[in-house]
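The values are calculated or read from the model by the stated rules, or taken from the named source; none is laboratory data. Remember, it's a predicted structure, so these values are computed and weren't measured experimentally. Neighbour counts are summed over all protein chains in view; Cβ atoms, including those assigned to glycine, are modelled from backbone coordinates with ideal geometry.
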Amino acid sequence: MRVLVTGSSGHLGEALMRTLRNVADEGGANEGGAHEVIGLDIKPSAFPDVVGSIADRATVRRCMRGIDAVLHAATLHKPHVATHSRQDFVDTNITGTLNLLEEARAANVRAFVFTSTTSAFGRALVLAAGEPAAWITEDVVPRPKNIYGATKLAAEDLCELFARNLGLPVLVLRTSRFFPEEDDHRERREAFDDASLKASEFLYRRVDVADIVDAHLLAIERAPSLGFRKFIISATTPFTHDDLALLRTDAPAAVARRAPDYAHEYARRGWTMLPSIDRVYVNARALAELGWRPRYDFAHVVASLKADADFRSPLARAIGAKGYHAEVFAEGPYPVDP
């Protein structure tokens, strides 16, 4: 299968390229069953085969020749909201996606996978005082709170349009946090160890990049039969509905109920659990319909801590942190849009 990966210099794009190239290396590109991968990114690196923008229709058309499946990970992210114009977001996230969808349909591509984000839920995650934590499934209606969420949601709608009206098999994967950079909120950076924050996020809003790659590869296989679906791609939570009220008022107690060994391992490192958790991303649909089996969850985190091992996947460690900007910002890893 010949696969086009957009955003191949980015964090997820590199993960997809590394994995697909390894498949070819191990299986042998001329021995059948292996993927041939073409990388496209505006930023030069070791992973794009073509350096260019998805906003340029001619570039997209050239890259789409002979392609069987598209993994569309190219995007402007939340960290770019304060440094890029709204038009930049429209050009990349909406027009770029439209170009890819148009050319994919013209090329009779058999599977199109769009990497979206749980950030699209936006204001649907804002809770009133006294409300329990939100149980977030694909049935929750998104309410974007910035241009990033708005353009990703618009791109999702374009994907659905092409699937429903034009017969292009498209799956949308809404990924939760997987970036290795430090937290964007100053208060959290000052109050918690960075590793502890990331460890705790596996309870409710983080996923390892290796598991995201697995979801994308499964999506290629399942898209022709599913037609159009949206999936939340986040580590499997240990919580149930019964935990939601306690998560808002006493998260450490809620976690202790589901993962009693965590407290000793956190204490051994001087870590503390978040006092309150406001949402839980639920991956049940991806488990049932994609057959996705994420390997990196909070149980894995605790087991790794017991063994004094790194809880990140080998793939995540190999990629490391990329950053989102060439410059360094005094207020954090990137400027936060007010």
Result of the Cβ filter at 9 Å on the stretch 218-237, keeping first residues that are within 17 Å of Asn165 (Cα to Cα) and touching a residue at least 12 places away in the same chain (Cβ under 8 Å) and partners that are small (Gly, Ala, Ser) and in a strand (DSSP E or B), at least 6 apart or interchain, is Ala223/Ala69; Ala223/Ala111; Pro224/Ala111; Lys230/Ser116
Would you check if Glu187 is over 19 Å from the mean Cα position of the chain (by Cα), closer than 16 Å to Ser276 by Cα and in contact (Cβ under 8 Å) with a residue 40 or more places away in the chain?
-> no
Of those in the stretch 164-190 that are modelled with pLDDT of 90 or more and in a helix (DSSP H, G or I), the residue nearest to Trp292 (Cα to Cα) is Arg164
Does Ala245 satisfy being surrounded by 19 or more Cβ atoms within 10 Å (Cβ to Cβ), among the small types (Gly, Ala, Ser) and in a helix (DSSP H, G or I)? no
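Residues in the stretch 144-163: is at least one among the β-branched types (Val, Ile, Thr), outside any strand (DSSP E or B) and free of Cβ contacts under 8 Å to residues at least 40 places away in the same chain?
For the stretch 144-163, residues among the β-branched types (Val, Ile, Thr), outside any strand (DSSP E or B) and free of Cβ contacts under 8 Å to residues at least 40 places away in the same chain: absent.
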Considering the stretch 280-307, residues that are without any contact (Cβ under 8 Å) to a residue 60 or more places away in the chain and closer than 15 Å to Ile212 by Cα, and then whichever is surrounded by the fewest Cβ atoms within 10 Å (Cβ to Cβ), we arrive at Leu287
Counted residues in the stretch 79-113 being farther than 13 Å from Pro169 by Cα and of a type in the set (Lys, Arg) come to 1
Considering the stretch 63-96, residues that are among the charged types (D, E, K, R) and touching a residue at least 40 places away in the same chain (Cβ under 8 Å), and then whichever is nearest to Cys159 (Cα to Cα), we arrive at Asp68
